[in-house]
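S.K.: Right, I'll just put the structure down here and ask away after.
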Amino acid sequence: MEEQKIATRADIPDSDKWDLTLLFADVGKWQEDVAWITATYPRITEWKGRVGESAQTLAEVLEFEKQLDLKIERVYHFASLQLAEDSANNDYLARVAQLQNLMTKIAETSSFVVPEIQAIDDARWEKFVADPALKDWKIPLHKIRRMRPHVLSDREERLLALGAAALDGYDDAFSQLTNVDMKYGVLIDADGREKPLTQSTYSSFLLKRDRDLRERAFKQFYDEFQDHQFTLAASLSYSVKADVFRARARNFRSALEASLFKDDVPVTVYDGLIDVVRDGIPPLLRYYELRRRVLSVDQLRAFDTYVPLVPEIETYVSFDEAINKIIASLAPLGEEYTRTLADGLRGRWCDRYETKGKRSGAFSSSSYHAPPYILMNYKRDVFADVYTLAHEAGHSMHTWFSVKTQLFQNYDYPIFLAEVASTFNEELLTHFLLEETSDPKMRAYIINRQIDDIRGTLYRQTMFAEFEKVIHAIEEAGGALTLEVFKGEYRKLLEAYFGEAMVIDPSLDLECLRIPHFYHAFYVYKYATGLSAAVTLSQRVLAGEAGAVEKYLCFLKSGGSKFPLETLRDAGVDMTTAEPINSTIALFEKRLSELEALL
């Protein structure tokens, strides 16, 4: 039997890899910057006890920290991207560990700065922020100052800084276990060929027409998680405990409130999302019933929920073809946007294909003076990967515009806004693809893809968000987060969101242990809110509404200069209301009716 092996880095031409020499020409240059940081950061103690001395002194401290942060961001960016290339490379692991230790020392040494800023009395503070010496620092200072009730004493802040790396150990353990140690084996396809089953290829198998192959992939994949379920449950439990510890240490009422506070997002927005989506479940169940009928199965199972409903169409889109489609779809945003993105993708912003040891999934990663790199595990037979590339390109262009417009201290935008830019691109891509074809089967395929996108982003991520809320509440109430508790709570949600339309295999309870975002809690709800905002904004751009493109580009340029709800209000979306979420559910229903008619 022919065996298909995973390529190594050496097998891939340089043109298909990102060019990290734009960060550092070689490791020697990286080491020089690390040495500079190591030698320079202790100077921060020169300002200890003096931060609130005058506006000029405060400006000096902030500028010193900025120079450090620029270097730190760059060296960590390089090291983390290298580790993403190969999670088992000892040199890469050592560099990231070296930086983590260094950053812990820096955080410990500089932990006095924020408490001293908070200690400045209100009257003097008003004079400080009016001083020209701090004109470039008003936004970050406002964000620091509003944290005043949650900033601790110098000694307490030092202890939290010392413990940061240890508290985050669960994430490294999860990543190493699932990306390196766990082995998922191989599968024999309908042609008798052996194909490796990995975290990345799992999604490919679920798209295959062969139901037996899909079921074998599902079972074999989750058998490996079954073998490691207690270790994974322990990692997830300690992730939750760390969140609760940090929230309590900083005087928040809950870990959820602590997570939302930084973005100035009320808990009511989070809860409102769950309530509106729960009310909107009936169209989702209707879709699953359509899927069951079209696939001609007696009972729908989890491994039946991703395969396209249009069996005659198998897509093979090369990476370069994907770029062409994406650039054409984004034409409404203007030449500067499309030209910059095209040059980046056809150049070496992107690490394109899966290689042995490479991190699964996809991401966009950037620093202030470097390209906004994109990691992909692109497969030409997975049409969803075209959307993934468009999605990550949205992140990268958001960063590109923000860097071009904002000062370093204001350029970094929160995840809440990042998911708007990425999903906006997907919406424009869908519109373009539907306009491009008159073939009913292809139209059905694309509409099915958008329905599945809304299902996966709005419904599924909201279910994930509800799970995070539930397990943190259990920990906060003094309950035990055991493997059975995780599986039991997740099972309740699976039944609430899908149970009337789908048979839920016992193995699916283990899904709660394999979602990487659960180890970075209260992140996933932003996918759902981001989609809802993106649907609203993209509909205005596509309708040719006056000023819609300009408002959207201003949104990209704003970076982190305002809080996210304010930024979105300026762009024309109020996320404190149910309207954007209801509009997305309405789009789901509209597309579902179109799909029912086409099929």
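S.K.: Please go through region 182-204 and give me each residue that is free of Cβ contacts under 8 Å to residues at least 24 places away in the same chain and part of a helix (DSSP H, G or I), ordered by number.
M.R.: Y202
S.K.: Given the conditions (1) over 30 Å from A130 (Cα atoms); (2) surrounded by 15 or more Cβ atoms within 10 Å (Cβ to Cβ), which single one is not true for I106?
M.R.: For I106, the failing item is (1).
S.K.: Another question, if that's okay. Return yes when K66 is touching a residue at least 24 places away in the same chain (Cβ under 8 Å), in a helix (DSSP H, G or I) and over 24 Å from D168 (Cβ atoms) and no when it is not.
M.R.: yes
S.K.: Give the residues of region 431-484 that are modelled with pLDDT of 95 or more, in a helix (DSSP H, G or I) and hydroxyl-bearing (S, T, Y), sorted by residue number.
M.R.: Y459, T462
S.K.: Residues to consider are D243, D223; find the one that is within 30 Å of F383 (Cβ to Cβ), charged (D, E, K, R) and assigned to a helix (DSSP H, G or I). Can you show your working first?
M.R.: Working: D243 fails: within 30 Å of F383 (Cβ to Cβ).
Of the residues listed, the single one that is within 30 Å of F383 (Cβ to Cβ), charged (D, E, K, R) and assigned to a helix (DSSP H, G or I) is D223.
S.K.: Kindly evaluate S438 against the criterion of being more than 29 Å from E73 (Cα to Cα) and among the small types (G, A, S). Steps first, answer last, please.
M.R.: Working: more than 29 Å from E73 (Cα to Cα): yes; among the small types (G, A, S): yes.
Judged against the criteria, S438 is a match.
S.K.: Moving on. Among the listed residues Y523, Y497, Y527, identify the single one that is under 17 Å from V277 (Cβ atoms), in a loop (DSSP other than H, G, I, E, B) and either of a type in the set (S, T, Y) or at pLDDT 95 or above (or both).
M.R.: Values: Y497 fails: in a loop (DSSP other than H, G, I, E, B); Y527 fails: in a loop (DSSP other than H, G, I, E, B).
Testing whether each residue is under 17 Å from V277 (Cβ atoms), in a loop (DSSP other than H, G, I, E, B) and either of a type in the set (S, T, Y) or at pLDDT 95 or above (or both) leaves just Y523.
S.K.: Ok, one more. Give just the number: which of (1) in a helix (DSSP H, G or I); (2) surrounded by fewer than 20 Cβ atoms within 10 Å (Cβ to Cβ) does H391 not satisfy?
M.R.: So H391 meets the others, but not (2).
S.K.: Of the numbered conditions (1) among the aliphatic types (A, V, I, L, M); (2) part of a loop (DSSP other than H, G, I, E, B); (3) more than 18 Å from F498 (Cα to Cα), L236 satisfies every one except a single condition; which is it?
M.R.: Condition (2) is where L236 drops out.
S.K.: Can M376 be described as in contact with a Lys or Arg (Cβ under 6 Å, 6 or more places away or on another chain), of a type in the set (A, V, I, L, M), at pLDDT 95 or above and surrounded by 18 or more Cβ atoms within 10 Å (Cβ to Cβ)?
M.R.: On the way: in contact with a Lys or Arg (Cβ under 6 Å, 6 or more places away or on another chain): yes; of a type in the set (A, V, I, L, M): yes; at pLDDT 95 or above: yes; surrounded by 18 or more Cβ atoms within 10 Å (Cβ to Cβ): yes.
Considered against the rule, which asks whether it is in contact with a Lys or Arg (Cβ under 6 Å, 6 or more places away or on another chain), of a type in the set (A, V, I, L, M), at pLDDT 95 or above and surrounded by 18 or more Cβ atoms within 10 Å (Cβ to Cβ), M376 comes out as yes.
S.K.: Next question. Any residue at all in region 213-220 that is under 14 Å from T305 (Cα atoms), touching a residue at least 40 places away in the same chain (Cβ under 8 Å) and outside any helix (DSSP H, G or I)?
M.R.: no
S.K.: In the list F174, F230, which residue meets the criterion of being within 22 Å of the chain's Cα centre (by Cα) and either on the phi > 0 side of the Ramachandran plot or not in a loop (DSSP other than H, G, I, E, B) (or both)? Break it down into steps so the answer makes sense when it comes.
M.R.: On the way: F230 fails: within 22 Å of the chain's Cα centre (by Cα).
Unique residue meeting the criteria: F174.
S.K.: Mind checking which residues of region 225-252 are surrounded by fewer than 17 Cβ atoms within 10 Å (Cβ to Cβ) and touching an Asp or Glu at 6+ places or on another chain (Cβ under 9 Å)?
M.R.: Within region 225-252, K241, R248, A249 meet the criteria.
S.K.: Taking F424 and the conditions (1) assigned to a helix (DSSP H, G or I); (2) touching a residue at least 24 places away in the same chain (Cβ under 8 Å); (3) surrounded by fewer than 23 Cβ atoms within 10 Å (Cβ to Cβ); (4) among the hydrophobic types (A, V, I, L, M, F, W, C), which numbered condition does it fall short on, given that it satisfies the others?
M.R.: So F424 meets the others, but not (3).
S.K.: Here is a follow-up. What are the residues in region 1-55 that are among the β-branched types (V, I, T) and either in contact with a strand residue (DSSP E or B) (Cβ under 6 Å, 6 or more places away or on another chain) or assigned to a helix (DSSP H, G or I) (or both), if any?
M.R.: Residues satisfying the conditions are I6, T21, V27, V34, I37, T38, T40, I44, T45.
S.K.: Looking at R124 and the list (1) in a helix (DSSP H, G or I); (2) surrounded by 14 or more Cβ atoms within 10 Å (Cβ to Cβ); (3) of a type outside the set (G, A, S), which single condition is not satisfied?
M.R.: (2)
S.K.: What tally of residues in region 94-128 results from selecting those that are touching a residue at least 12 places away in the same chain (Cβ under 8 Å) and among the small types (G, A, S)?
M.R.: 4
S.K.: While we're here: Given the criteria free of Cβ contacts under 8 Å to residues at least 12 places away in the same chain and over 30 Å from S153 (Cα atoms), does Q82 qualify?
M.R.: No: the conditions fail for Q82.
S.K.: If the requirement is being closer than 17 Å to Y519 by Cα and of a type in the set (S, T, Y), which of these qualifies: T201, T178?
M.R.: The match here is T178.
S.K.: Can you find a residue that is of a type in the set (D, E, K, R), part of a helix (DSSP H, G or I) and either surrounded by 14 or more Cβ atoms within 10 Å (Cβ to Cβ) or at positive phi (or both) anywhere in region 74-93?
M.R.: As a first pass, look at region 74-93 and keep what is of a type in the set (D, E, K, R): 74, 85-86, 91.
Adding the requirement that they be part of a helix (DSSP H, G or I) leaves 74, 85, 91.
This time we only want the ones that are either surrounded by 14 or more Cβ atoms within 10 Å (Cβ to Cβ) or at positive phi (or both), so: 74, 85.
Within region 74-93, one or more residues are of a type in the set (D, E, K, R), part of a helix (DSSP H, G or I) and either surrounded by 14 or more Cβ atoms within 10 Å (Cβ to Cβ) or at positive phi (or both).
S.K.: Just to confirm my filter: which helices (runs of 4 or more DSSP H) fall fully inside region 541-599 and include at least 2 residues that are in contact with a His (Cβ under 9 Å, 6 or more places away or on another chain) and either of a type in the set (K, R) or surrounded by 22 or more Cβ atoms within 10 Å (Cβ to Cβ) (or both)?
M.R.: Once the helices (runs of 4 or more DSSP H) in region 541-599 are filtered for at least 2 residues that are in contact with a His (Cβ under 9 Å, 6 or more places away or on another chain) and either of a type in the set (K, R) or surrounded by 22 or more Cβ atoms within 10 Å (Cβ to Cβ) (or both), what remains is 548-557.
S.K.: Condition check: at pLDDT 95 or above, buried (at least 18 other Cβ atoms within 10 Å of the Cβ), under 21 Å from the mean Cα position of the chain (by Cα) and under 19 Å from M463 (Cα atoms). Does Y270 satisfy that?
M.R.: Spelling it out, Y270 is indeed at pLDDT 95 or above, buried (at least 18 other Cβ atoms within 10 Å of the Cβ), under 21 Å from the mean Cα position of the chain (by Cα) and under 19 Å from M463 (Cα atoms).
S.K.: When you scan region 342-360, do you find a residue that is at pLDDT 95 or above, assigned to a helix (DSSP H, G or I), closer than 30 Å to Y497 by Cβ and of a type outside the set (G, A, S), even just one?
M.R.: No; the residues of region 342-360 include none that is at pLDDT 95 or above, assigned to a helix (DSSP H, G or I), closer than 30 Å to Y497 by Cβ and of a type outside the set (G, A, S).
S.K.: Can you find a residue in region 392-412 that is farther than 19 Å from K557 by Cβ and touching an Asp or Glu at 6+ places or on another chain (Cβ under 9 Å)?
M.R.: no
S.K.: Related question: I'm trying to understand the selection: among the residues of region 409-421, which are assigned to a helix (DSSP H, G or I) and within 16 Å of F563 (Cβ to Cβ)?
M.R.: Of everything in region 409-421, those that are assigned to a helix (DSSP H, G or I) and within 16 Å of F563 (Cβ to Cβ) turn out to be Q409, N410, Y411, I415, F416, L417, A418, E419, V420.
The values are calculated or read from the model by the stated rules, or taken from the named source; none is laboratory data. All values reported here derive from a predicted model rather than from experimental measurement. Don't worry about glycine lacking a Cβ; one is built from the backbone with ideal geometry, like all the others, and counts go over all protein chains shown.
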